Amino acid sequence: MAEAQKTSLWGGRFTGGPADALARLSVSVQFDWRLAPYDLAASRAHARVLAAAGLLDPEELGKMLAALDDLEAACASGEFRPTVEDEDVHTALERGLIERLGTLGGKLRAGRSRNDQVATDLRLYLRDHARGLAVALLELADALTEQAAATIDTPAPGMTHVQHAQPVTFGHWLLAHVHPLLRDLERLKDWDARAAISPLGSGALAGSSLPLDPAAVAKELGFAAPAANSMDAVADRDFVAEFLFFTALVGVHLSRLGEEVVLWTSQEFGWVELDDAFATGSSIMPQKKNADIAELARGKSGRLIGGLVAVLTMLKGLPLTYDRDMQEDKEPAFDAIDTLQLLLPALAGMISTMTVRTDRLAAAAPVGYSLATEVADWLVRRNVPFREAHEITGKLVALCSSRGCELDEVTDDDLKTVSEHLDPTVRQVLSVDSALAARTTPGSTGPGPVAEQLAMVQHRLDTWRLWAIEQVVPR
């Protein structure tokens, strides 16, 4: 092994080292070290391109690749770690390479810059971890879908404005939380196609005068193509901002689900009970059973949204091409991945193990005059204009409210008093079962449409499973 050397990726122009304050501000290795495997993968591809250009002979290439493999193993085992003198992951890894190869290790820097290196590494990292997030999203979607299948015929009081609106099935309600996750997966796949562009070969901003082959590098690293413009390649962080939009919107979807679980598990609702393994208690009140996972889903959405806002704000005033401000792109992206990797499995476990109180749901379904719309629709089918039907039904509800009774409890005389258009046959629609059975249009809450929807969702989830396990970054 060659003698260890202190290395820096810049400095020849300077007669002295950086001030301690500058060094402390500039250092990023404490968070960008996680890019090491991707930087090493890009280094192997770059070494092969240098050899193809005649800038490394076959023996040098063999030594270079062997040293990179050894360095990767040392990083994975913890034998090689960054030091306090390493500014970033690139500096640390060059030090490790030179420790193994001596001056030969310095040849790898030819034709590339930290500007195109970091843009490449971050794309590789995000594309790789995006598939892991897709798997976690699918696990949550599976949990919701399984609960939906078990409650496909369970009546529930559908709500608007957190007020009883119309009866739905709880299976339909749970599937309504699956569809946003399916859209999230679609966005992630669309993002991946745009992120599959290799910046390597763009150098600092102007490309390289060396006879490199960016297309060969792109192919080896699993990218679809090399960047078309070297300046855009090193300046572009759209792929980070768009990824953070994806994670922020996932956070919003998880927050909405979490809020509903908080309501469903409250004493006032009592529709769902959480498994003990996915709930917490109180340090002072022995009776408490808290939906902490659902509450954390709400809380962490702000963190995910904040990461997106931070990166967009950082980017909005930057001139082309690379500016050091862009060092601030990584921590929000890393934090978003870490946050969702913790949150999604917890939510999936909470949903899959919760007990749905079907009796409570069914009892609540007709409460609050939720069948009023059925009366209005019944009148429309008897050729009453909906504007008038709405008015008549409203008067019927007002009568029931004043007497403290439900719609199906009014007398025949009461019906005649409210409107000449009402007669006893209206009672045919004043049941939850009839209301649900009447919903036959695609996408509605009727038994047939929900069964069709469930089958479609299960098929789409199976399709996404195949995409989520694809390997995009060669190992």
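Could you tell me whether the stretch 273-281 includes any residue that is polar (S, T, N, Q) and at pLDDT below 95? Break it down into steps so the answer makes sense when it comes.
Restricting attention to the stretch 273-281, the residues satisfying the condition of being polar (S, T, N, Q) are 280.
Within this subset, residues satisfying the condition of being at pLDDT below 95 are 280.
Checking the stretch 273-281: at least one residue is polar (S, T, N, Q) and at pLDDT below 95.
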Is the stretch 318-327 home to any residue that is modelled with pLDDT of 95 or more, of a type outside the set (A, V, I, L, M, F, W, C) and under 13 Å from the mean Cα position of the chain (by Cα)? no
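Here is a yes/no grid of residues against (1) of a type in the set (S, T, Y); (2) assigned by TED's automatic domain parsing to the domain that holds M326; (3) touching a helix residue (DSSP H, G or I) at 6+ places or on another chain (Cβ under 6 Å):
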{"site": "A53", "(1), (2), (3)": "no, no, no"}
{"site": "M64", "(1), (2), (3)": "no, no, yes"}
{"site": "A73", "(1), (2), (3)": "no, no, no"}
{"site": "S77", "(1), (2), (3)": "yes, no, no"}
{"site": "G96", "(1), (2), (3)": "no, no, yes"}
{"site": "R100", "(1), (2), (3)": "no, no, yes"}
Taking the stretch 332-361, which residues are surrounded by fewer than 16 Cβ atoms within 10 Å (Cβ to Cβ) and either under 19 Å from V118 (Cα atoms) or among the aliphatic types (A, V, I, L, M) (or both)? L342
Test of understanding: among A195, A218, which residue is of a type in the set (A, V, I, L, M, F, W, C), buried (at least 17 other Cβ atoms within 10 Å of the Cβ), under 19 Å from A45 (Cβ atoms) and without any contact (Cβ under 8 Å) to a residue 24 or more places away in the chain? A218
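How about the stretch 415-464: which of its residues are among the acidic types (D, E) and touching a Lys or Arg at 6+ places or on another chain (Cβ under 8 Å)?
Within the stretch 415-464, the first condition is being among the acidic types (D, E), and the residues that meet it are 420, 423, 433, 452, 462.
Scanning the stretch 415-464 gives a single hit, D423.
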Applying the selection to the stretch 223-243, what residues are over 26 Å from L308 (Cβ atoms) and crowded, with 18+ Cβ neighbours inside 10 Å? P226, S230
Give me a count of the residues in the stretch 378-420 that are part of a helix (DSSP H, G or I), modelled with pLDDT under 95 and among the acidic types (D, E). 5
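Any residue at all in the stretch 414-426 that's under 20 Å from T160 (Cα atoms), outside the structural domain of L140 (by TED's automatic domain parsing) and either surrounded by 13 or more Cβ atoms within 10 Å (Cβ to Cβ) or touching a residue at least 40 places away in the same chain (Cβ under 8 Å) (or both)? Lay out the reasoning, then the answer.
Within the stretch 414-426, the first condition is being under 20 Å from T160 (Cα atoms), and the residues that meet it are none.
Checking the stretch 414-426: not a single residue is under 20 Å from T160 (Cα atoms), outside the structural domain of L140 (by TED's automatic domain parsing) and either surrounded by 13 or more Cβ atoms within 10 Å (Cβ to Cβ) or touching a residue at least 40 places away in the same chain (Cβ under 8 Å) (or both).
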Which of the residues that make up the stretch 312-338 are of a type in the set (S, T, N, Q) and without any contact (Cβ under 8 Å) to a residue 40 or more places away in the chain? T313
What's the total number of residues in the stretch 155-214 that are outside any helix (DSSP H, G or I) and farther than 27 Å from A241 by Cβ? 21
Within the group E146, E87, E60, E139, which residue is at pLDDT 95 or above, of a type outside the set (S, T, N, Q) and in the same structural domain as D39 (by TED's automatic domain parsing)? E60
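The values are calculated or read from the model by the stated rules, or taken from the named source; none is laboratory data. Since the structure is predicted, the reported quantities are computational estimates derived from the model, not experimental observations. In this analysis, Cβ positions are derived from the backbone assuming ideal geometry, glycine residues included, and neighbour counts consider all displayed protein chains.
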